[in-house]
Amino acid sequence: MNSMSRFFEMGGYAAFVWPAYAITFAAIVLNILWARRSLARSREEARRRLAARGEGA
Amino acid sequence: MTWTWFHRLASPPYIYTLAARLTPWFAWPAGLLIVAGLWGGLVLAPPDYQQGDGFRIIYVHAPSAWMSLMVYTTMAIAAAVGLIWRIKVAHAVAASCAPIGASFTFAALVTGALWGQPMWGTYWEWDPRLTSELILLFLYLGYMGLRAALEDTQRADRASGVLAVVGVVNVPIIHYSVTWWNSLHQAPTVMRLAKPEIAASMLVPLLMMLLGFTLFFVAILLVRLRGEVLSRERSASWIREVVSA
């Protein structure tokens, strides 16, 4: 058994360790995506508000 | 002492540009610390003498749990400032905190369950620590639901702000639950007044993860804050400059 597959086996705890890391990684990635999307949406709304008032954007 | 810095921080255009400028200064160190902490925690740290490699869940569980409490405390303080001094930017900070805190509270609960199964023999127990953390998730979700239900931003700020401030009593309950009650959950290893009870090779990656997650929170908060500040401004001329850029 090479050291790489031993690493992934996590001493028999692979079924618990890797899902725990995956869910936390997902939380990080989703936070980045959600934050960007929310800012883009607010900018789009502000642009539309200005356009509706005839102030242009 | 002058209060100009305080007034400037309450000024939406100033906050918007400051937040944009500061974001990379938090995002990059956060990324580096998290990558280094992962390497240290998964590769360099030795297996625990009791839990073997299963203990490595600590490097994602403890930072997530720390985020759940730290973000809520930030949210409650911001909401209180917004309610007391009627500062829109403070309410915008509070509103920006909620989804970040909710997601990491969820991660803390799931990683905790995944740690509990091999070590305690159960994914879930109605234990004081676990139950109070679940209540924290409901507080975040309640806060977000209340905001979503109220059309008017000012009313949403006020109502959700009161909820955030009242809910902060749960934070010390979560932290001290393992001391006050007989809990399955262990007592704090790092967040305690005495010296941390953990070997340096295990502690250093954990501290890197804790700091990295904290900086990550600030970076995400700054991005969200800009959106919240924009959506609260109706007619200010500075908006034209920032959205057309």
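Every number in this text was worked out from the coordinates using simple rules, so none of it is lab data. Note that the structure is a prediction, hence the values are computed from the model and not measured. Quick reminder, even Gly has a Cβ in these numbers, built from the backbone with ideal geometry, and neighbours come from all protein chains shown.
In order along segment B:30-37, the phi-based Karplus estimate (6.51 cos²θ - 1.76 cosθ + 1.60, θ = phi - 60°) of 3J(HN,Hα) comes to 4, x, 5, 5, 5, 5, 5, x Hz; Gly and Pro are listed as x. Principal-axis analysis of the Cα atoms of chain B puts helix B:170-180 at an angle of about 20° to the longest axis. Per-residue Karplus couplings for segment B:87-96, computed as 6.51 cos²θ - 1.76 cosθ + 1.60 with θ equal to phi - 60°, are listed in order as 9, 4, 4, 5, 5, 5, 4, 4, 5, 6 Hz, Gly and Pro entered as x. Scanning chain B for chymotrypsin sites (Phe, Trp or Tyr not before Pro) that sit in a DSSP loop and have at most 16 other Cβ atoms within 10 Å, the longest stretch containing none of them is B:50-122.
Please give the Cα centre distance for segment A:22-38 versus segment B:122-139, rounded to the nearest Å. Using only Cα atoms to place each centre, the spacing works out to 23 Å. What the phi angles of segment B:206-220 give under the Karplus curve with 6.51, -1.76 and 1.60, with θ = phi - 60°, is a coupling list of 5, 5, 5, 5, 4, 5, x, 5, 5, 5, 4, 4, 4, 4, 5 Hz, glycine and proline written as x.
Which loop-located GluC sites (Glu not before Pro) does segment B:195-245 contain, where loop means any DSSP state but H, G, I, E or B and the Cβ has at most 14 other Cβ atoms within 10 Å? In loop regions of segment B:195-245 (DSSP not H, G, I, E or B), the sparsely surrounded GluC sites (Glu not before Pro) are B:GLU197. The GluC sites (Glu not before Pro) of segment B:58-162 that meet both conditions, a loop assignment by DSSP and at most 11 other Cβ atoms within 10 Å of the site Cβ, are B:GLU151. Other residues lying with their Cβ under 14 Å from the Cβ of B:LEU134 contribute a combined charge of -2, Lys and Arg counting +1, Asp and Glu -1. Note: segment A:4-50, Cα convex hull, 60 Å³ per residue.
For the pair segment B:167-181 and segment B:35-56, the centres of their Cα atoms are 28 angstrom apart. The modelled label-to-label distance for the pair B:TRP126/A:ARG37, using points 7 Å beyond Cα in the direction of Cβ, is 3.6 nm.
Model label points for A:ARG48 and B:LEU211, set 7 angstrom from Cα along the Cα-to-Cβ axis, are 4.4 nm apart.
Return the FRET efficiency for the residue pair A:ALA14, B:ASP48: r is the Cβ-Cβ distance, R0 is 22 Å, and the value is rounded to the nearest 0.05. It comes to 0.90.
A DSSP coil position with no more than 12 other Cβ atoms inside 10 Å describes none of the chymotrypsin sites (Phe, Trp or Tyr not before Pro) in chain A.
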